[in-house]
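Colleague: Take a look at the following structure, please.
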Ligand SMILES: [Zn+2]
């Protein structure tokens, strides 16, 4: 039976173990112990050798008591900052931090839910097929753990990622994203003695940025400039500015169009600079554009959706297929041919010190996971 008290303690314990991206070692060791106690076989891959950090992704395998294809269950172990020394508070059924850090419900609410569902499954010897629990590192820094996951350790072709808010939805569509980086090279000079010898890269960058259309482009496309860095001192004409941004869209053509427009804006701003020395290669633009992740689109009639919907229906609830604007490990699994729907845990205001989650929402999600596992085994 799902035990609210036990899940509360699990969740509180987990969020008290700091696990910023690339520092998941202590949490991973704790989870290894807990999962082994439930009878799982644990392996770690070697993702950290390529992406840095204390440990690789944790894969826990449970042999089933029913002959059916394996089911993947995923959450990520890392958190964003400020995430050190978290002091969780439970009041009126709501978990929060003390206001100085994040809570870490993203994604430890999911890990606590999975542990509770697995504990009940094992304790009560409920019907279940083989389960592959994949707990990734470095999700928050660009899905790096999933991108470098050793997929030879995974045999499931279908599963669930617990890493969203809405407990009445299953995310089946996510946008593709491009990551862009621009370097504007100007020319340094003494700002007081010889400013005419310089080319101000900050001024150029600001013109390039001001020419951009950013934010929500349309119902399925967004664009952002999120990082800018440059300059040395107030008395030096800055010679270099780096600007980083991204474009996301559910539509591949729109993604390319908005990405090209962004690049064009920077090219135009640099080209329009009134050069005094036609021989000089400056100012100069250098840019790179990388695919961050590809779009996910699981049809509404796919078994991963219908299984979860049937499980919800058995509990007297509804589960609606949804689109998201964010990226998740599910995007990477999709690219590898593993269909994973993203389920909500009830966590809210993630990535802020106001992050919170209701115990009731976590309990509901644990019930849903249990029912999914049971249905899958009997299906
Ligand atoms: Zn997350």
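Derivation of every value follows stated rules applied to the coordinates shown; laboratory data play no part. All figures in this text were calculated on a predicted structure; none of them were measured in a lab. Using ideal geometry, Cβ is built from the backbone for each residue, glycine included, and neighbour counts are taken over all protein chains shown.
Colleague: Using a Förster distance of 25 Å, how high is the FRET efficiency between residue 251 and residue 150, based on the Cβ-Cβ distance and rounded to 0.05?
Modeller: E between residue 251 and residue 150, to the nearest 0.05, is 0.20.
Colleague: If contacts are Cα pairs under 8 angstrom and at least 6 residues apart, what is the relative contact order of segment 176-293 in percent?
Modeller: Result for segment 176-293 is 41 percent.
Colleague: Among 217, 113, 199, what is the fewest-to-most ranking by other Cβ atoms within 10 Å?
Modeller: 217, 199, 113
Colleague: Working from Cα positions, state the angle (0 to 90°, nearest 10) between the long axis of helix 105-123 and the longest principal axis of the chain.
Modeller: With rounding to tens, the tilt is 20 degrees.
Colleague: Of all alpha-carbon pairs in segment 261-359, indicate the percentage at a distance above 21 angstrom.
Modeller: 61
Colleague: Continuing with this model, one more query. With an 8 Å Cα cut-off and a minimum separation of 6 or more residues, compute the relative contact order for the chain in percent.
Modeller: This gives 23 percent for the chain.
Colleague: Under a point spin-label approximation (7 Å from Cα along Cα-to-Cβ), what is the residue 233-residue 125 distance to one decimal in nm?
Modeller: 7.7
Colleague: Label point 7 Å out from residue 282 along Cα-to-Cβ: which residues of segment 182-202 have amide N under 17 Å?
Modeller: 183-202
Colleague: Mind pulling the angle between the C-alpha long axis of helix 303-314 and the longest principal axis of the chain? Nearest 10 degrees, somewhere in 0 to 90.
Modeller: The answer is roughly 50 degrees.
Colleague: Kindly provide the helix-only [θ] at 222 nm of the chain, computed as the sum of -39,500 (n - 2.57) over DSSP H runs of four or more divided by all residues, to the nearest 500 deg cm²/dmol?
Modeller: Helix contribution divided over all residues of the chain: -10000 deg cm²/dmol.
Colleague: Report the dimensions of the chain along its three principal axes from the alpha-carbon atoms, largest first, rounded to Å.
Modeller: 80, 43, 39
Colleague: To check my understanding: the extent here is largest minus smallest coordinate of the Cα atoms along each principal axis. What are those three numbers for segment 176-293, in Å, largest first?
Modeller: The principal-axis extents, from largest down, are 51, 27, 20 Å.
Colleague: So what is log10(I(q)/I(0)) for segment 14-122 at q = 0.13, 0.22 1/Å, when the Debye sum runs over its Cα atoms only?
Modeller: For segment 14-122 at q = 0.13, 0.22 Å⁻¹, log10 I(q)/I(0) is -0.54, -1.24.
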